[in-house]
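Novice: My questions all concern the structure below.
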Amino acid sequence: MNELDTLTRLATLGTARSPELGATSGVEEQVLRALEGAPMEKRLLLAAGVRAVARAAGRKLPVLDTQGDVAAPDTLEVCSTRVSAVLTEALVADKVKVLQEAFALMARARRRVPPELLPRVLGLQDPMVRAAVEPVLGERGQWLARQNPAWGLATAPAADTAEAERVWAEGGPDERRTALAQARQSDPARARTWLQSTWAQEKAEHRARFLACLEVGLSAEDEPLLELGRKDRSATVREVARYLLTRFPESAFARRMAERARAVLVWEKPGTLRVQLPSKWDAEAERDGLDKAPAGVGQSEHWLIRILESVPLRAWEGWFEATPEQLVAAAARTDHAVALSEGWALALRLGTSSTWASALLAFWSRCESKVLDAERAQMLAVSVLDQLPLEERAARTLRILNRAESLPSLERALPLVPAPWPAKLGYAFLQAIRELYDPGTRATALLGALRPAAYALPPECLANATDPYELPHPLYRWNQEMHLFQRIVSLRRILHEELKP
């Protein structure tokens, strides 16, 4: 018997039934001799493993038949070794945001991914990262991506109309929603026709999700379909339809709500606001959302919020010839102050206003807890801050960080400012971290924001952020987060230093 048969015989029959090894040679013989005295089972397994490794190592690699299809010479310069080291660490640690920023900076600096990292980079699954890496793959990376279907690039040719219609007709709920959203962007009328044709057959949860797609490209032509949604038997569908109908003031729904608003609120100069609600509404008003209040909400409060959230804030200034500060101050003197302020806050989604935001936030800051509980005040303040332009959102968050304002709280305000932060906010955040000593609400808010801050700090703050710093002993449990923060910031600093435009 040859050596292969020897190992196979022993493995098949068992060492107890075939105690003799038989003739062996090569690496198997060397292993078996080196393990003399060890149990036969161990010698057999190790010999088989060594032989498998030896055969794999000695096998000739297959030759790829390129048939003339070879990668074109790279036109971009490869990135520096420091950037390559950052990419390697980010890939190993799955630091997706670092990778996204790295690829964007590389594209701006006209650098490409090193050849040795291409297989790993092409295997990334995150759609946003795959889209970001495509411009920096270079010709070799583009060529490699074509050799493996699993490495297909993020940019794919747009699906033709027939294929999109097939997905809409035959796909699953998520696929159909994606197809509808894409169609809405390129051809709003076609997307509307699709949804109209299947409306009666759709489940309520799908009707709501599909109807929400109409927000892109919303126009008066959508009103008939939205009216179907307004009268739908599902409360979720009705809610989506009402929201979209408020987006264009010329809709019949928006006009009805405006008329009710004028009737419900009466302005008496110089600054008195009276609320006069009916004891009940007609059937049409109930379909417009003026229905029974949910549990825990007063009926008047429910109606006021429903009406006010449907009317653009600028309308009140024109109707009453009053400023937001005057209107909010007058509302504060009524028995419906919180409901009025919440309705106006929700109306910010119909058109943002810094003056309205300031007036509302100031009112909630002054409210006693028996009038407005702290958690509801926080939720209302977050809803207002989230509607403001990014520059103003950052400015208000800076004032909260500097203790000049109190709503919303710091831990709720910071996440509402997207990256990159303005430099003033970044420097103030770093200074506040270094001033911490005792555990408390402020320390928890700041240290709890370390990870998002590591990605949000602007380039001009990175050098300051990488200065060695250890938290004081009372905050020692946050040191691991601090070290991670500084490591991420260090990686970003290298990228910005190496990849200048």
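The values are calculated or read from the model by the stated rules, or taken from the named source; none is laboratory data. Computed from a predicted model, the values in this text were never measured in an experiment. All Cβ positions, glycine included, derive from the backbone under ideal geometry; neighbour counts span all protein chains shown. Just the protein is used for accessible areas: all its heavy atoms, side chains included, with ligands, DNA and RNA removed. Shrake-Rupley method; radii C 1.70, N 1.55, O 1.52, S 1.80 Å.
Novice: If I compute solvent accessible area with a 1.4 Å probe over the protein chains, what percent of it on the chain is carbon and sulfur?
Specialist: Carbon plus sulfur share of accessible area: 54 percent.
Novice: Each residue of region 173-181 in turn: what ³J(HN,Hα) in whole Hz from Karplus with 6.51, -1.76, 1.60 and θ = phi - 60°, glycine and Pro shown as x?
Specialist: Values, residue by residue: x, 5, 5, 5, 5, 4, 4, 5, 5 Hz.
Novice: Right, another one. Using 0.36 nm times the number of residues separating Trp199 and Thr178, minus their current alpha carbon distance, what extension gain do you get?
Specialist: 5.9 nm
Novice: Enter the per residue convex hull volume of region 281-357, computed from alpha-carbon coordinates, in Å³ rounded to the nearest integer.
Specialist: Expressed per residue, the convex hull around the Cα atoms of region 281-357 is 101 Å³.
Novice: Related question: Using +1 at the Cβ of each Lys and Arg and -1 at the Cβ of each Asp and Glu in region 358-422, identify which of Leu388, Leu372, Pro420 lies farthest towards the dipole's positive end.
Specialist: Farthest along the dipole direction, towards plus: Leu372.
Novice: Kindly rank 362-372, 431-441 from highest to lowest mean number of other beta carbons found within 10 Å of each residue.
Specialist: My ranking of the peptides, most packed first, is 362-372, 431-441.
Novice: In addition: Once the Cα atoms of helix 96-109 and of the chain are each reduced to a long axis, what angle between those two axes, in degrees from 0 to 90 to the nearest 10, is obtained?
Specialist: Taking Cα atoms only, the helix is inclined about 90 degrees.
Novice: Here's another thing I want to ask about it. Hey, for a label at Asp187 modelled as a point 7 Å past Cα toward Cβ, could you say which residues of region 196-224 have their backbone N under 19 Å away?
Specialist: From region 196-224, the list is 196-199, 213-219, 221-222.
Novice: Taking all pairs of different Cα atoms in region 416-461, averaging 1/r and flipping that mean, what Kirkwood radius in angstroms comes out?
Specialist: By the Kirkwood definition, the hydrodynamic radius is 10.9 Å.
Novice: Within 10 Å of each candidate Cβ there may be at most 15 other Cβ atoms; applying that plus a DSSP loop requirement, which GluC sites (Glu not before Pro) in region 238-282 survive?
Specialist: Here the sparse-neighbourhood loop sites are Glu250.
Novice: Also: Helix 81-93 against the longest principal axis of the chain: what's the angle in degrees, Cα atoms only, rounded to the nearest 10?
Specialist: Its long axis makes an angle of about 80 degrees.
Novice: So what is the relative contact order of region 362-449, in percent, for Cα pairs below 8 Å that sit 6 or more residues apart?
Specialist: For region 362-449, the relative contact order is 26 percent.
Novice: With charges only on Cβ, +1 for K and R and -1 for D and E, what is the dipole size of region 175-305 about its Cα centre, in debye, rounded to 20?
Specialist: Its charge dipole is roughly 120 debye.
Novice: I would also like to ask the following. State in Å² the accessible area per residue of region 357-501; use a 1.4 Å probe, count heavy atoms of protein chains only, and round to the nearest integer.
Specialist: Here the residues of region 357-501 average 49 Å² of exposed surface.
Novice: Could you order the peptides 27-38, 347-358 from most to least packed, using the average number of other C-beta atoms within 10 Å per residue?
Specialist: Most protected by this proxy first, the peptides run 347-358, 27-38.
Novice: Helix 40-58 sits at what angle to the longest principal axis of the chain, using alpha carbons and giving 0 to 90 degrees rounded to 10?
Specialist: It works out to around 80 degrees.
Novice: Next up: With the contact rule set at Cα under 8 Å and sequence spacing of 6 or more, what percent relative contact order holds for the chain?
Specialist: 9 percent
Novice: Moving on to the next point. Once every DSSP H run of n ≥ 4 in the chain is given -39500 (n - 2.57) and the sum is divided by its residues, what mean residue ellipticity at 222 nm do you get, rounded to the nearest 500 deg cm²/dmol?
Specialist: Taking each H run of at least 4 residues, the total per residue is -17500 deg cm²/dmol.
Novice: Just the Kirkwood number for the chain, please: inverse of mean 1/r across all distinct Cα pairs, in Å, one decimal.
Specialist: Hydrodynamic radius (Kirkwood, Cα only) of the chain equals 29.1 Å.
Novice: Which one of Trp319, Tyr437, Ser80 is farthest out on the positive end of the charge dipole of the chain, using unit charges on Cβ (Lys, Arg +1; Asp, Glu -1) and the Cα centre as origin?
Specialist: My answer, from the dipole projection, is Tyr437.
Novice: Computed on alpha carbon atoms, what radius of gyration and Dmax characterise region 204-286, expressed in Å?
Specialist: 15.4, 50
Novice: If you count, for each residue, the other Cβ atoms within 10 Å and average over each peptide, how do 73-81, 294-302 line up from highest to lowest?
Specialist: Taking the mean over residues of other Cβ atoms within 10 Å, the ranking is 73-81, 294-302.
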